[in-house]
Protein chains: 2
Amino acid sequence: MATTITKANTKLLSLLLLLATSLTLPNLVSAQTFQRLGACPTLGCIFPPDQTDFLAGQLFDLRLEVHAPVNGTEAGTGAGVGVPDEGFSFCVAKVQEGGGKTGECVDVGKYFKVKGDAGALEKWSFTYYEDLFARDAGTLTGVNVAAKAYRALSLNDPGHYQAKLSYTSGGVKQNTVANWIVREPAKKRKAKNVLFFIGDGMTQPMITASRLIAHKSINGKYQTLMQLDQMEALGLQMTHSIDSFITDSANSATALYTGKKSGVNALGVWVDSSKDVFDDPKVETIAELFRRRTGGPVGIVSTAYIADATPGALCSHTRDRSQSASVVFETLYNATSLTPKYDWPTSCKGPDVLFGGGAEQFIAGAGSYNGTDFYKAFEKEGYQVVYDNTQLKTVDGKKKALGIFSVGNMAKWVDRNVLTENLKGQKNSPTGDGSDALDQPGLKDMTLKAIDVLQKRSAGKGWFMMSEAASIDKMMHAMDYDRALGELLELDDTVRASIEHLEKIGELDNTLIVVTADHGHGFDVFGGADTKYLAAQTTDRKKRGAVGTYRNSGLSGYTVAPDSLPNNQSVVYGAQGPNFPVQWSPRYAYAAGFGASPDHRESYTINEKGPRTPATKGDDGGYVANPAEHTHGFSVSGTIPIDESQGVHSLQDVPVYAKGPGAETFRGVYNSVDIFFKIADALALGKAN
Amino acid sequence: MATTITKANTKLLSLLLLLATSLTLPNLVSAQTFQRLGACPTLGCIFPPDQTDFLAGQLFDLRLEVHAPVNGTEAGTGAGVGVPDEGFSFCVAKVQEGGGKTGECVDVGKYFKVKGDAGALEKWSFTYYEDLFARDAGTLTGVNVAAKAYRALSLNDPGHYQAKLSYTSGGVKQNTVANWIVREPAKKRKAKNVLFFIGDGMTQPMITASRLIAHKSINGKYQTLMQLDQMEALGLQMTHSIDSFITDSANSATALYTGKKSGVNALGVWVDSSKDVFDDPKVETIAELFRRRTGGPVGIVSTAYIADATPGALCSHTRDRSQSASVVFETLYNATSLTPKYDWPTSCKGPDVLFGGGAEQFIAGAGSYNGTDFYKAFEKEGYQVVYDNTQLKTVDGKKKALGIFSVGNMAKWVDRNVLTENLKGQKNSPTGDGSDALDQPGLKDMTLKAIDVLQKRSAGKGWFMMSEAASIDKMMHAMDYDRALGELLELDDTVRASIEHLEKIGELDNTLIVVTADHGHGFDVFGGADTKYLAAQTTDRKKRGAVGTYRNSGLSGYTVAPDSLPNNQSVVYGAQGPNFPVQWSPRYAYAAGFGASPDHRESYTINEKGPRTPATKGDDGGYVANPAEHTHGFSVSGTIPIDESQGVHSLQDVPVYAKGPGAETFRGVYNSVDIFFKIADALALGKAN
């Protein structure tokens, strides 16, 4: 942590000598894409950064950094180059409302009454590339850093604050100012329970397509609708990151759960520049707050591996979402146990329900924390542990419940319900015995059981649950649109069944149900494809003639029983119930896609052997169309860097649906971070002085 | 109209002999894409079709057809093949609510008290291809038709109706039943005025992208928002056609204006199978109803040529949107004058305001109706006629106002405001003198002036206006995303300015403002592109490396003044005001696209010489990437038929925003046709018995 980059530093010497000539160049900050450090455009960095909103009483860490670039466009000239000001100061002032005088800027130590070794000076260095040309040339820019951290602070007095970092850079006094807002918290609790659904990567165009394939329409009028179509409140949320306009699931989950924008890959923290992925400034999540304020039970359900970003961000804190073993450790215990030197006196205290995939972090071995058997660790903490849908049915809520149903992500709805042969040969039993996980529950099974467990354990305190349809996004990444829509329809079916179940147990009127996504993923339907004609053509340009646009898009083939289409050459997998397609391989299929993909092949037919792998490594080391897949389709050239094997996330605002007490606040257009505040206010989790 | 196809018919003989062997094949109806006739899955056709909703008192035509296929999968066998039942009957019954007995099915003549020659038997024939294989083989299917029409009917009694067409087919009695709903109309008028904005092809991903390029964000928090983000009510509408899930602007405008789903290319009619494009069954539009019920003034504003589908569908009726001259004729006069044999006793009676492009339908010549000078025709009907923005300012509302500002579609916002050199050399003066239309107003200029004219002419009756940002879609078709977003930002700016102006003249609280789109058009942003790096690479695969996804998408370069980015190599066109980009050519541009396109090239830079032409004709007669465009970009292979030169529409639900009296009814998810009913109810245009 204390490596300082100097011109004499052997490790970087050759680099820096190479760069010496460029130190006198004018300021060439491009900084739009390759940033020194996100949310820190000046050389003084404050986390929580400028424009942060807080729930009154919510815990957060404060991280201060002063940067001194050794070389590159921001380095300046002269003796002080590369030497960060270790004597920086930081103060906080309350801005008076209504044009009154802003209060005195009080030094951080005094303002937060910090004790012990809080705010001890830290020093480190890091390097980065300023742009793609620099990357190609191997031209690193080095930065020396002086920093301090203060842990587990809070602001309890609603209003506008200005926080000021004062430091010297290039011999000149500089100030970096952050504006913070502590929002006035709701005083009255509206909702006893919160059921928070996340359709990972779910967008409106996907919902429209799901409706098309699963709901019958006569002359332009749908005879049934999605459950999502029928919620009380409709909203839209902006999903961008703090330092990039496209986000990932870690950092967007952080926004939804903490009300704070952060950087890509970050779970419940802002991203600082140190090497340690566990020392980044933390912020308290909705689940931690719910535990701390109400003592009520918390549930986490996901079709992903349970340490994945969306489930993981509720009860863990690290800037590196790939620390899966630590995520499980922290979820069971707490952050302070994981990193005792960074005190974090709040936690989920072990969620009452944890259902999903991801046995690799539980089976003793390379994937688990310290190689420990985490099934046993959970049992030791009082959990009932189940491994399949049959066992899940026996869970009665007397104990907390851990259900891990597969190694890795869980099977997809289409494979569990339609193409069931694909479950075989996966060797993904959660027990780790190498057998197949053939008896996996679906999102609906897990969510309904979780409701019962939480209800039983709530003792009148209410409960909080997050339930994630994770593979909408995972299958969109794989460009396996059929499976993605199957996952979305399963989510819709789960929301519908949850409403019915809550009604049955008398909790519907007490429960705020929110359904949203964490980010966009480009997708839309643009027509129909005659898959029979497409397969029969011999050139790519002729195959494209199978696509029907506008009038020739025709009607949905998915809602029509195959026997009424004897000429459709379709494969019949067995009829599904209402709200799902009657068939998945109609002759006339939807044609869909997006403009960001690796090279791939397209035939507009379901991938029958399991989820797609659209691209594989080519001769140049980059990805090319998988030659073994959709061989009867046509080639589509990629548009993204050749080291991307899959589709990528997109910018579009994502929909929000709500029902129940507090639902009306979810109407309109707002920032992703506002979701946290709306839920926290429905539960009255804020606490002003 | 009376050509009957028979086996002895010389024209079709060879075809039918060829097909004779296939007449005994089993029923092979594919019918998902290539339909005999939309909204008519059986051999009996009723227009208004099954599932139609009516406003009480709204006028509509009734068309009945009995089809007798001569050959193909529906032809059957035996002596009666190809002979339609000329003795068919049709009756209407009111279904009693609450399980009561359904009334007697009363014969159409009696039910609607028809007079004269209404319901005279008509006969014709048509042919179609059953699928792409049939098209390739030239295998036409012939159908003989017996038909009747009844004009200008109405249903005034709210409730559920069943209409039954009885006919004989293949010697067997058949019934085709249509369920009709007459909705209970609002009794009280909530809104005095309605200002209805249509962003053609506008989707949420485009709004998100527009916000990104025009509104500054600091650490993930926008400092300003779109006007659309701030409306009172947010909804989503499903845009599909009656007989295809992708729609066009004609048929979607028909849904919005009449509350009736129809087929592609249809303006204010359902599509029948006759050859005459003016005899199709009409339905009364919101503008006709507004005129008939209130006598208040009507305004139509568009940046397209004024006979284009979206403006044209308000005051004209034809199943063929390309009948531009007739559209202008009917808009000025009425349908009965256009086709006296089909009485249609309602019309717009000449809108009080008509502002847009499209001089080719006004200048005497090939493009105008009967070669007439339509500027003069409008003047004769009492209109003031203006040709540029300077003249537009002089319009005072004492007369009705016609403003035609260019030949064809109007110039785009980017070209009018940023790349103004592109206005030169177009020879598109609306006077037809071959000069350039350099002084074109924008959507805002036209809309604000239209408000003043309508207000002046309303005499307390209120007014109705439709204002269309037409080139969002037109530029999306051209894959010119920058110009499309410029048009969207102009729409947002127009909505903002209209609200301010209505406030100023004291009409804001009286005016229902609705902003929506007519259909989707696939588009989303998936990252940033270092355009400098892209241009510097020498292969397509290397150029793709310039695209930054997730974290490397970076921040918006469009909101940053170029002088703060000295290394960005951007072209500076002059700073825009707030709510528009500060620059249009940042080094770090957004990377966007969609999965439905012709072959094209992509460089993620603005097309400086005017709107894009992404594809041109190639050696095989199909479209290939335009070799003269974006030559520094990389190639992207197409996915749609090679006879498509542009991008195409998409399925996604489109957003609805509303403000003012009645706005609350626009919340939630609904069908496009519901927009008509919501507006009609805000104006209390329905009239029950």
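Describe numerically, in nm with one decimal, the distance between label points set 7 Å from Cα along Cα→Cβ at B:GLU379 and at B:LYS113.
Once both label points are built, they end up 4.6 nm from each other.
Less than 15 Å apart at the alpha-carbon level, and either on another chain or at least 8 residues along: which aspartates and glutamates does that give for A:LYS216?
Within the straight-line cut-off, A:LYS216 pairs with A:ASP229, B:ASP50, B:ASP243.
Just list whichever of B:LYS188/B:LYS380; A:LYS110/A:LYS192; B:LYS261/B:LYS504; B:LYS393/B:LYS427; A:LYS341/A:LYS456; B:LYS123/B:LYS282 have alpha carbons separated by over 27 Å in the model shown.
Values: B:LYS188/B:LYS380 38 Å; A:LYS110/A:LYS192 38 Å; B:LYS261/B:LYS504 38 Å; B:LYS393/B:LYS427 23 Å; A:LYS341/A:LYS456 37 Å; B:LYS123/B:LYS282 19 Å.
Over 27 Å apart, Cα to Cα: B:LYS188/B:LYS380; A:LYS110/A:LYS192; B:LYS261/B:LYS504; A:LYS341/A:LYS456.
What shape does segment A:358-445 take by its C-alpha gyration tensor, where a ≥ b ≥ c are the square roots of the eigenvalues and a/c under 1.5 counts as rounded, a/b above b/c as prolate, and the rest as oblate?
Cα axes put segment A:358-445 in the oblate bin.
Provide B:GLU360, B:GLU379 in ascending order of the number of other Cβ atoms located within 10 Å of each residue's Cβ, fewest first.
The most exposed by this proxy come first: B:GLU379, B:GLU360.
Any idea what the alpha-carbon Rg over 2.2 N^0.38 Å comes to for the protein assembly as shown?
Here the answer is 0.95, to two decimals.
I'd like the FRET efficiency for B:ASN689 and B:ALA364, computed as 1/(1 + (r/R0)^6) with the beta carbon distance as r and R0 of 35 Å, rounded to 0.05.
After rounding to 0.05, the efficiency reads 0.15.
Test of understanding: ordering A:LYS393, B:LYS678, A:LYS449 by Cβ neighbours within 10 Å, fewest first, what list do you get?
Ranking A:LYS393, B:LYS678, A:LYS449 by Cβ neighbours within 10 Å, fewest first, gives A:LYS393, B:LYS678, A:LYS449.
Shape of segment A:524-636 from its Cα gyration tensor (a ≥ b ≥ c, root eigenvalues): rounded if a/c is under 1.5, otherwise prolate when a/b > b/c, or oblate? Write down the numbers at each step before the final one.
Details: a/c = 2.01, a/b = 1.62, b/c = 1.24.
Judged from the Cα gyration tensor, segment A:524-636 comes out prolate (a/c at least 1.5, a/b above b/c).
To test your reading of the geometry: what angle, between 0 and 90 degrees and rounded to tens, separates the Cα axis of helix A:672-682 from the longest principal axis of chain A?
Between helix and principal axis, roughly 90 degrees.
Over all distinct Cα pairs, what is the inverse of the mean 1/r for segment A:464-516, reported as the Kirkwood hydrodynamic radius in Å? Mind showing how you got there, number by number?
Numbers: mean 1/r = 0.0821 Å⁻¹.
Result for segment A:464-516 stands at 12.2 Å.
Looking at B:ILE306, A:VAL277, B:ALA149, which one has the Cα that reaches farthest to the positive end of the dipole of the protein assembly as shown (charges on Cβ: Lys, Arg +1; Asp, Glu -1)?
Going by the charge dipole, the pick is B:ALA149.
Once phi is turned into θ = phi - 60°, what whole-Hz ³J(HN,Hα) does the Karplus curve with 6.51, -1.76 and 1.60 give for every residue of segment A:303-316, x standing for Gly and Pro?
The phi angles translate into 8, 8, 5, 5, 8, 5, 4, 5, x, x, 6, 6, 10, 9 Hz.
About the Cα centre of chain B, what is the dipole size in debye to 20, counting +1 per Lys and Arg Cβ and -1 per Asp and Glu Cβ, all else neutral?
Magnitude of the dipole: close to 1220 debye.
Measuring from a point 7 Å past the Cα of A:ASP509 along Cα-to-C-beta, which residues in segment A:644-677 have an amide N at less than 19 Å?
Only A:659-664 pass the distance filter.
Helix A:10-19: angle to the longest alpha-carbon principal axis of chain A, degrees 0 to 90, nearest 10?
Roughly 90 degrees, rounded to the nearest 10.
Enter the angle in degrees (range 0 to 90, nearest 10) between the Cα long axis of helix B:481-504 and the first principal axis of the Cα atoms of chain B, meaning the one along which they spread out most.
Compared with the principal axis, the helix lies near 90 degrees.
Whole number please: convex hull volume per residue, Cα atoms of segment B:36-191, in Å³. Kindly include the intermediate steps, with their values, before the conclusion.
Working: hull volume 24.3 nm³, N = 156.
In segment B:36-191, the Cα convex hull volume per residue is 155 Å³.
Measure out, as a whole number of angstrom, how far apart the alpha-carbon centroids of segment B:417-450 and segment B:503-547 sit.
What the calculation gives is 24 Å, centre to centre.
Total Lys pairs in segment B:530-689 closer than 23 Å by alpha-carbon, pairs eight or more apart in sequence or interchain only?
7
Please report the equivalent ellipsoid semi-axes of segment B:133-193, computed as sqrt(5 x eigenvalue) of the Cα gyration tensor, largest first, in whole Å.
39, 20, 12
Contour minus end-to-end for B:SER635 and B:ASP157, with contour as 0.36 nm per residue of separation and end-to-end as the Cα-Cα distance?
166.1 nm
From the square roots a ≥ b ≥ c of the eigenvalues of the alpha-carbon gyration tensor of segment B:271-422, which class results: rounded (a/c under 1.5), prolate (a/b over b/c), or oblate?
prolate
For chains B and A related by rotation, which residue of B has the Cβ nearest the axis, and what is the rounded distance in Å?
Nearest Cβ to the rotation axis, residue and whole-Å distance: B:SER637, 2.
When the C-alpha atoms of chain B are aligned to their principal axes, what extent does each axis show, in angstrom, from largest down?
Cα spread of chain B along its principal axes, largest to smallest: 82, 62, 55 Å.
For A:LEU225, place a label point 7 Å from Cα along the Cα-to-Cβ direction in every copy; what are the distances to the other copies, in nm, shortest first?
Reported distances to equivalent positions: 2.4 nm.
Using 0.36 nm per residue of separation minus the Cα-Cα distance, give me the extension gain between A:VAL177 and A:GLU608 in nm, one decimal.
Gain on extension, A:VAL177 to A:GLU608, equals 149.5 nm.
Report, for chain A, the % of DSSP beta bridges that are antiparallel, rounded to 5.
65 percent
Only sites in a loop by DSSP and with at most 10 other Cβ atoms within 10 Å count here; which trypsin sites (Lys or Arg not before Pro) in segment B:150-208 make the cut?
On the way: sites: B:ARG151, B:LYS164, B:LYS173, B:ARG183, B:LYS187, B:LYS188, B:ARG189, B:LYS190, B:LYS192; in loops: B:LYS187, B:LYS188, B:ARG189, B:LYS190, B:LYS192.
Taking segment B:150-208 and a limit of 10 other Cβ atoms within 10 Å, the loop trypsin sites (Lys or Arg not before Pro) found are B:LYS187, B:LYS188.
Per residue of chain B, what 222 nm ellipticity follows from adding -39500 (n - 2.57) for every DSSP H run with n ≥ 4, rounded to the nearest 500?
Computed ellipticity for chain B at 222 nm equals -6000 deg cm²/dmol.
Quick note: the coordinates plus some simple rules give every number you see, no bench work behind them. None of the values given here were measured: they were computed from a predicted structure. Note: ideal-geometry Cβ built from the backbone for every residue, glycine included; neighbour counts use all protein chains shown.
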